1. Restricting to segment 67-77, and then to whatever is out of contact with any helix residue (DSSP H, G or I) (no Cβ under 7 Å at 6 or more places or on another chain) and free of Cβ contacts under 8 Å to residues at least 40 places away in the same chain, can you tell me which residue is surrounded by the fewest Cβ atoms within 10 Å (Cβ to Cβ)?
2. Return the only residue of 109, 119 being part of a loop (DSSP other than H, G, I, E, B), in contact with a strand residue (DSSP E or B) (Cβ under 6 Å, 6 or more places away or on another chain) and either outside the structural domain of residue 51 (by TED's automatic domain parsing) or at pLDDT 85 or above (or both).
3. Which one of 31, 22, 4 is buried (at least 16 other Cβ atoms within 10 Å of the Cβ), more than 21 Å from residue 92 (Cβ to Cβ) and either modelled with pLDDT under 85 or not assigned by TED's automatic domain parsing to the domain that holds residue 76 (or both)?
């Protein structure tokens with residue numbers, strides 16, 4: 001016989017799933033995954049796909065919330081907008097700060113900060129010429 005606690009857990013999972021589905025999808029269970037797949041397909045980099053995947057889910061949620069009347073069961077429209085801006089800010093920050101560390105030439109990540117940006121100590125070109133796209 002299956003443990004009763006396991007069946008209770010399944011029932012709780014079902015209720016949470018149904019409740020969140022009301023907030024996140026207006027057409028079907030797979031709608032947001034399809035939207036996310038479309039948006040992430042526009043990018044080549046795995047890291048950009050990771051960021052855009054989270055952003056796409058937030059956009060899909062916002063679209064659903066804007067089309068529905070009444071209050072959501074979980075996260076509010078305002079929370080969703082704030083989450084979206086946080087993800088976009090993190091993505092921009094990643095490309096500004098972490099992206100510099102992905103230089104692909106042999107200049108050993110050496111650069112200097114000057115007015116107008118960061119420049120390579122070896123060739124004196126703007127650091128953006130050394131960053132992998």
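1. 69
2. That would be 109, the only listed residue that is part of a loop (DSSP other than H, G, I, E, B), in contact with a strand residue (DSSP E or B) (Cβ under 6 Å, 6 or more places away or on another chain) and either outside the structural domain of residue 51 (by TED's automatic domain parsing) or at pLDDT 85 or above (or both).
3. Numbers: 22 fails: buried (at least 16 other Cβ atoms within 10 Å of the Cβ); 4 fails: buried (at least 16 other Cβ atoms within 10 Å of the Cβ).
The match here is 31.
The values are calculated or read from the model by the stated rules, or taken from the named source; none is laboratory data. Small disclaimer: the values here were computed from a predicted structure and weren't measured. Glycine gets a Cβ as well: all are built from the backbone with ideal geometry, and neighbour counts include every protein chain shown.
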